[in-house]
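This report refers to the structure that appears directly beneath it.
The values are calculated or read from the model by the stated rules, or taken from the named source; none is laboratory data. Just so it is clear, the structure is predicted and the values come from calculations on it, not from any experiment. Here the Cβ positions follow ideal geometry from the backbone for every residue, glycine too, while neighbour counts run over all protein chains shown.
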Amino acid sequence: MRQYAIKGGNPLVGEVEIGGAKNAALGILAASILTDDPVIIENMPDVNDTNVLLEAMQEIGVKVERIDRHTVRICSALVNKLVVEGEFVRKIRASYYLLGALLGKKHHAEVVLPGGCAIGSRPIDQHIKGFKALGASVSIEHGLIITDAETLTGSHIYMDVVSVGATMNVIMAAVLAEGTTIIENAAKEPHVVDLANFLNSMGANIKGAGTDVIRVKGVTRLHGTEYMIIPDQIEAGTFMFAAAITKGDVTVRNVIPKHLESITAKLREIDCEIEETDDAVRVVASKPLKHTQVKTLPYPGFPTDMQPQITATLALTEGTSIVTESIFENRFKYVDELARMGADIKVVDGSAAIITGIPKYTGAALTAPDLRAGAALVLAALAAEGYSTVDDIHFIERGYENFDGKLRGLGGQIELVESERDFRKFQMKIG
Ligand code: UD1
């Protein structure tokens, strides 16, 4: 038993340092395979998803050296295996980036079909469409996606859906191809831009990242680089909503405020005060929170990865709010957990939550159903009256580094406990 024990009721107050973006790191780590030269990556988040990907890369012959907790040196000159499988790598979604990277470099890859959070069916047809457009064959056999190409040739690809993963994967497969690849209806997320900047710093020729048309002109080789990953938009957003839900006053540091605009806009709508500086955002929730409506959308819209955190917060506002999920079709499972704390939320067709505000949550025994919903339950528990526990925190550890420690730094009463005895000790300490 590993769980968070939480006593709610304390407003979170203070400053918190945001780490490197997990979803950018996953793409960038895989992309580092594309050069034989050493690559140094800074501001790497130390979370389970990136650590599992690094282990999978070591399995295929990549040399990984940890310079410090957040800096790695990677050398892929001796990659000798093109098959990526194993229990852990199957569980992370981003294992599919090894397909694009290995296809781009070695023209062959076999990668176990990806898992990731169970937030709806997560097809990879757009990744496959992109690889095929570049001249690769793709098949699925014995649970592995196998892709192979004699040569890769630039092509014009129109994505049928806006997909972060497919956009990043096709960029990786195209950087060393012959000729120019044009990706239309590309994802515009900050991590797509970060991947393109990383690859350009290695000598790639990628233009248009951050818009919906990306042009990748193939180059013959990539060289080593030293690169710092952007701050994590979702970790920052989670702490900003932690301030709102606990009626606190939190400054998130080491962020790019531009990446947080859709989040700050919603916080302002519900009557939080926001102060922005070059690399920090302060959220003050001193007034009663107001209800609002929100729909998740690809960037620059409100991120689906912030949907559980805003829902948990809106459940404590006055009036009725509506949250519509437009990216994944099964992302409201955690609502049953919030109901244990007293939330009044009805989910319609799995795609919209109608939230009738209640004055307070009461603590309960909760189970994290996935990464972001798990974080949202922790926020709800920090706002609740009395004690809560949150189980299955391995989901949270996939994407948040030292989540409980950072919350404690803001005055949150939270501890990771491993037994009933630990839990009782926590209760005695808190009183
Ligand atoms: C990434 C993020 C995840 C985030 C999501 C949306 C990583 C490791 N994960 O996931 O945290 O929630 O972006 O911002 O970066 N789709 C298809 N066919 C495809 C690919 C996707 O139909 O080939 C659909 C998906 O089912 C979904 C939508 O497109 O409805 C967006 O998915 P996508 O952007 O690809 O998400 P991921 O890259 O898996």
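When both residues are 6+ apart or on different chains and their Cβ atoms are under 6 Å apart, which pairs have a first residue that lies in the stretch 166-191 and is more than 16 Å from the ligand (Cβ to nearest atom), and a second that is among the charged types (D, E, K, R)? Close Cβ pairs (under 6 Å, with a partner that is among the charged types (D, E, K, R)) amount to Thr180/Lys217; Ile182/Arg215. Selection within the stretch 60-96: residues that are within 16 Å of the ligand (Cβ to nearest atom) and among the charged types (D, E, K, R). The member of this set that is nearest to Ala166 (Cα to Cα) is Arg93.
Would you be able to say whether some residue in the stretch 299-306 is of a type outside the set (D, E, K, R), more than 27 Å from Gly19 (Cα to Cα) and crowded, with 20+ Cβ neighbours inside 10 Å? No, the stretch 299-306 contains no residue that is of a type outside the set (D, E, K, R), more than 27 Å from Gly19 (Cα to Cα) and crowded, with 20+ Cβ neighbours inside 10 Å.
Within the stretch 1-59, the set of residues being within 16 Å of the ligand (Cβ to nearest atom) and within 20 Å of Val390 (Cβ to Cβ) comprises Lys22, Val47, Asn48, Asp49. Within the stretch 253-303, the set of residues being outside any strand (DSSP E or B), of a type in the set (A, V, I, L, M) and closer than 28 Å to Asn43 by Cβ comprises Val255, Ile256, Leu260, Ile263, Ala265, Leu267, Leu297.
If you go through the stretch 50-77 and pick out every residue that is surrounded by 15 or more Cβ atoms within 10 Å (Cβ to Cβ) and within 23 Å of the chain's Cα centre (by Cα), you end up with 13. Applying the set (1) assigned to a strand (DSSP E or B); (2) touching a His at 6+ places or on another chain (Cβ under 8 Å) to Gly203 leaves exactly one unmet item: (1).
Within the stretch 328-367, the set of residues being under 30 Å from Ile124 (Cβ atoms), touching a helix residue (DSSP H, G or I) at 6+ places or on another chain (Cβ under 8 Å) and surrounded by fewer than 24 Cβ atoms within 10 Å (Cβ to Cβ) comprises Phe328, Lys333, Val335, Val347, Thr367.
Considering (1) assigned to a strand (DSSP E or B); (2) surrounded by fewer than 16 Cβ atoms within 10 Å (Cβ to Cβ); (3) away from the ligand (no atom under 16 Å from the Cβ), the lone condition that Glu110 does not fulfil carries the number (2). Taken as a whole, the stretch 378-386 holds no residue that is more than 15 Å from Gly8 (Cβ to Cβ), at pLDDT 95 or above and either under 22 Å from the mean Cα position of the chain (by Cα) or not in a helix (DSSP H, G or I) (or both).
Are any of the residues in the stretch 30-48 of a type in the set (A, V, I, L, M), under 28 Å from Val417 (Cα atoms) and at pLDDT below 95? Checked the stretch 30-48: no residue is of a type in the set (A, V, I, L, M), under 28 Å from Val417 (Cα atoms) and at pLDDT below 95.
For the residues Val348, Val335, Val378, Val323, the requirement of being closer than 28 Å to Gly301 by Cβ, without any contact (Cβ under 8 Å) to a residue 12 or more places away in the chain and of a type in the set (A, V, I, L, M, F, W, C) singles out Val348. In this structure, is Gly399 part of a helix (DSSP H, G or I), small (Gly, Ala, Ser) and within 18 Å of the chain's Cα centre (by Cα)? For Gly399, the condition - part of a helix (DSSP H, G or I), small (Gly, Ala, Ser) and within 18 Å of the chain's Cα centre (by Cα) - is not met.
Quick check on Ser262: is it in contact with a strand residue (DSSP E or B) (Cβ under 6 Å, 6 or more places away or on another chain) and not basic (Lys, Arg)? Yes, satisfied. Scanning the stretch 154-167 for residues that are β-branched (Val, Ile, Thr) and surrounded by fewer than 20 Cβ atoms within 10 Å (Cβ to Cβ) returns Val161, Val162, Val164. Return yes or no: is Thr151 at pLDDT 95 or above, surrounded by fewer than 20 Cβ atoms within 10 Å (Cβ to Cβ), not assigned by TED's automatic domain parsing to the domain that holds Glu273 and not in a helix (DSSP H, G or I)? Considered against the rule, which asks whether it is at pLDDT 95 or above, surrounded by fewer than 20 Cβ atoms within 10 Å (Cβ to Cβ), not assigned by TED's automatic domain parsing to the domain that holds Glu273 and not in a helix (DSSP H, G or I), Thr151 comes out as yes. Note on the stretch 217-240: residues that are part of a helix (DSSP H, G or I) and within 16 Å of the ligand (Cβ to nearest atom) amount to 6. Just one residue in the set Ala312, Ala280 is assigned by TED's automatic domain parsing to the domain that holds Ser351, away from the ligand (no atom under 15 Å from the Cβ), surrounded by 23 or more Cβ atoms within 10 Å (Cβ to Cβ) and modelled with pLDDT of 95 or more; that residue is Ala312. Of all residues in the stretch 265-277, exactly one satisfies the criterion of being surrounded by fewer than 13 Cβ atoms within 10 Å (Cβ to Cβ) and in contact with a Lys or Arg (Cβ under 6 Å, 6 or more places away or on another chain), namely Glu275.
Report yes if Val47 is in contact (Cβ under 8 Å) with a residue 40 or more places away in the chain, closer than 30 Å to Ala285 by Cβ, of a type in the set (A, V, I, L, M, F, W, C) and not assigned by TED's automatic domain parsing to the domain that holds Leu103, otherwise no. Considered against the rule, which asks whether it is in contact (Cβ under 8 Å) with a residue 40 or more places away in the chain, closer than 30 Å to Ala285 by Cβ, of a type in the set (A, V, I, L, M, F, W, C) and not assigned by TED's automatic domain parsing to the domain that holds Leu103, Val47 comes out as no. Return yes when Arg408 is under 29 Å from Phe328 (Cβ atoms), part of a helix (DSSP H, G or I) and modelled with pLDDT of 95 or more and no when it is not. Judged against the criteria, Arg408 is not a match.
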